[in-house]
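What follows is a set of notes on a single structure, which appears directly below.
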Amino acid sequence: MKKIFLFLTLSLFTMGAFSQTKFGIKAGMNYTFPTYNISSDSIGKPSTSGIGSVYGFFLDLPLSDNLYFQAEALLSFRYYNSVVKTEASSSGFASITEEYGYHKLMYAEIPLLFKYNLEINTGKYGRNNFLGLYAGPVLGLQLGKGYVGETVTSVTVFDQNTVTKTETSETDIDYKPFDLAIGAGAVYDFEKGARIGLRFVRSLAAVNKNDDYSINHNVLQLTFGYNFIRQ
């Protein structure tokens, strides 16, 4: 799959260099907030969110005057923190366990988007400014993962309290190698080549294989880019 990603990358560079399309680079920020669907009462539902980076390049192929096919090749870092709190109590006994985790996931993303351009106005240099609205599938290949975690347990027995901390570098989440998602958003193209975009990406299926719970990624991307081919 890495060879396929490299081939797509080289192909996009070649097509962008020799065709009258929009071609350029982009970079920005990921705000990741996964959704957990838990089937077991013994597992607490985490609160999750975090910030990572995303960068790569884009290629816009015109299908008509206003309709474009926009393909991208991105390296996307979906970083997020998770906190799981569980409590138990009985006569003379109480315990609180808090599990803190920092998840570091890296994906190669291939968005395949259909975009409709709205002409906003003509800039002072005589070229048009556009607002593009788009949607389409986003193919993700996991390239790497990391985890740093800490579990803090507080146990109280007849007013005697004990606190223990345990650190770990492993997570029990069994991630899948692929992520099929849907993306939608908007991008504003300035006449001199700069562009700014906002996108929401949502996993269509669980990104993990665990039986007791499933995780779907939600990613909000804010990016800035530059088109090397004049409009």
* Has the range 29-37 got any residue that is in contact with a strand residue (DSSP E or B) (Cβ under 6 Å, 6 or more places away or on another chain), part of a strand (DSSP E or B) and more than 27 Å from residue 145 (Cα to Cα)? -> no
* Tell me, please, whether a residue that is exposed (fewer than 15 other Cβ atoms within 10 Å of the Cβ) and at pLDDT below 85 can be found in the range 127-135. => yes
* Asked: Which residues, taken from the range 53-70, are hydrophobic (A, V, I, L, M, F, W, C) and either surrounded by 19 or more Cβ atoms within 10 Å (Cβ to Cβ) or outside any strand (DSSP E or B) (or both)?
  -> 54, 57, 58, 59, 63
* Which of (1) more than 21 Å from residue 195 (Cβ to Cβ); (2) out of contact with any Asp or Glu (no Cβ under 7 Å at 6 or more places or on another chain); (3) at pLDDT 95 or above is the odd one out, the single condition residue 140 does not satisfy? -> (2)
* Since residue 158 meets every condition but one in (1) among the aromatic types (Phe, Trp, Tyr); (2) touching a residue at least 40 places away in the same chain (Cβ under 8 Å); (3) touching a strand residue (DSSP E or B) at 6+ places or on another chain (Cβ under 6 Å), which condition does it not meet? -> (3)
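Hey, among 228, 178, which residue is farther than 30 Å from residue 98 by Cβ, modelled with pLDDT under 95 and either of a type in the set (A, V, I, L, M, F, W, C) or over 16 Å from the mean Cα position of the chain (by Cα) (or both)?
Details: 178 fails: modelled with pLDDT under 95.
One residue alone meets the criteria, 228.
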* Structure fact -> For residue 164, the lone unmet condition from (1) loosely packed, with under 12 Cβ neighbours inside 10 Å; (2) among the polar types (S, T, N, Q); (3) part of a loop (DSSP other than H, G, I, E, B) is (3)
* Go through the range 60-110 residue by residue and tally those that are among the polar types (S, T, N, Q) and without any contact (Cβ under 8 Å) to a residue 12 or more places away in the chain. => 4
* Counting just the residues of the range 198-231 that are under 21 Å from residue 110 (Cβ atoms) and of a type in the set (Lys, Arg), which one comes out surrounded by the fewest Cβ atoms within 10 Å (Cβ to Cβ)? -> 202
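So which residues in the range 167-196 are among the acidic types (Asp, Glu) and either at positive phi or in a strand (DSSP E or B) (or both), if there are any at all?
Start the filter on the range 167-196 by keeping residues that are among the acidic types (Asp, Glu), which leaves 167, 170, 172, 174, 179, 189, 191.
Those that are among the acidic types (Asp, Glu) and either at positive phi or in a strand (DSSP E or B) (or both): 167, 179, 189.
The values are calculated or read from the model by the stated rules, or taken from the named source; none is laboratory data. The structure presented is a predicted model; accordingly, all values stated were derived computationally and were not measured. Counting neighbours? That spans all protein chains shown, and the Cβs are built from the backbone with ideal geometry, glycine included.
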